[in-house]
1. Which ones in the stretch 32-69 are under 24 Å from V9 (Cβ atoms) and acidic (D, E)?
2. Answer yes or no as to whether G69 is in a loop (DSSP other than H, G, I, E, B), small (G, A, S) and under 12 Å from V107 (Cα atoms).
3. Search the stretch 14-43 for residues being surrounded by fewer than 15 Cβ atoms within 10 Å (Cβ to Cβ), over 21 Å from T62 (Cα atoms) and not β-branched (V, I, T), and hand back the single one that is modelled with the lowest pLDDT.
Amino acid sequence: MANNEIYAVADSLVFPVASTVKSGDLVQVGQVIGVAERDAKVGENGSYYTTLKRSGVFELSTLVTTTVGANMYVTSAGVVTTVATSNKFIGHALKAKSTSTAGLVPVILVQSAA
């Protein structure tokens, strides 16, 4: 074991978030993507925090059609899409969605460098 290891398991970590974050929300903190495991709570310093699950498969709401394996992104407004332009890559769709009406798509989260 490395002497500088802080967490042996780092799938779920606490991050500062907006006070409006609810359990199940897709959250971006810097370049980190995760799904809130619980509602945001105020910390001792007055900022809000939650635990983000950074890996796994989550059903995410989207208005776009998808194919199995499609790259999925999130906009700065928190909208899940298949459009890459200026959006943050979050993972891959595990099922196809054939309509552009609101619906859930299972997405496997993938942490990326940018």
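The values are calculated or read from the model by the stated rules, or taken from the named source; none is laboratory data. The structure displayed is predicted, hence computed values, not measured ones. Here Cβ is always computed from backbone atoms with ideal geometry, including for glycine, and neighbour counts include all displayed protein chains.
1. Result: E37, D39, E59.
2. Working: in a loop (DSSP other than H, G, I, E, B): yes; small (G, A, S): yes; under 12 Å from V107 (Cα atoms): yes.
Yes.
3. Once the filter is applied, the top-ranked residue is G30.
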